[in-house]
Structures are given as structure tokens and as C-alpha cells.
Amino acid sequence: MGEVNIYGLYVPILLIQAILAYGLLKFTDVFTHRWVTNGWIMWPGIFHLCWYLVLLLCIHWLFLYFSA
């Protein structure tokens, strides 16, 4: 992967991807909250963890796709 040099501070690419995935998770939480309140999701904590990992995987794939 690598890192980005921001004014002498090396920031890992995975940290940037994780922050972007967390932002998308909070954005989509507005829409998925309705599913939790209606009872369609039994364990919301596990659902949000899995949804975060899916978003992180998609962002990681986008970084790999556009960096090549």
C-alpha cells in the first residue's frame, strides 16, 4: 500500500480509507436506522460492523482500481 506525506507526517493509506468508510457509514446510518427501528435487523451492532467492513472493502477496491 504505502503512505502519504502530509507536511512531514506520514499517514497510512489504510487510515485514510478507514476515515472515508466511517464517514460513509455515518451517512448511510440515516437510511439504515429505519431498518433497525422496524425490527428488520436483529443485532444492530453486528450489522453496523459488517456494513463498515463492506464499505471499507469497496473504498479499498476503488483506491486500488484508480491507482493502477
Subset tally (residues that are of a type outside the set (A, V, I, L, M) and surrounded by 12 or more Cβ atoms within 10 Å (Cβ to Cβ)) for the range 31-68
11
If you take the residues of the range 1-24 that are outside any loop (DSSP other than H, G, I, E, B) and more than 12 Å from residue 59 (Cα to Cα), which of them is least open to solvent (accessible area, probe 1.4 Å)?
11
The range 17-68, subset under 26 Å from residue 2 (Cβ atoms) and hydroxyl-bearing (Ser, Thr, Tyr), residue modelled with the lowest pLDDT:
67
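Residue-wise test of (1) in contact (Cβ under 8 Å) with a residue 12 or more places away in the chain; (2) farther than 30 Å from residue 67 by Cα.
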position	(1), (2)
24	yes, no
33	no, yes
36	no, yes
41	no, yes
45	no, yes
49	no, no
52	yes, no
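The values are calculated or read from the model by the stated rules, or taken from the named source; none is laboratory data. The structure presented is a predicted model; accordingly, all values stated were derived computationally and were not measured. Here the Cβ is made from the backbone with ideal geometry for all residues, glycine too, and neighbour counts use every protein chain on show. Surface areas here come from the heavy atoms of the whole protein model, side chains and all, with no ligands, DNA or RNA. Shrake-Rupley method; radii C 1.70, N 1.55, O 1.52, S 1.80 Å.
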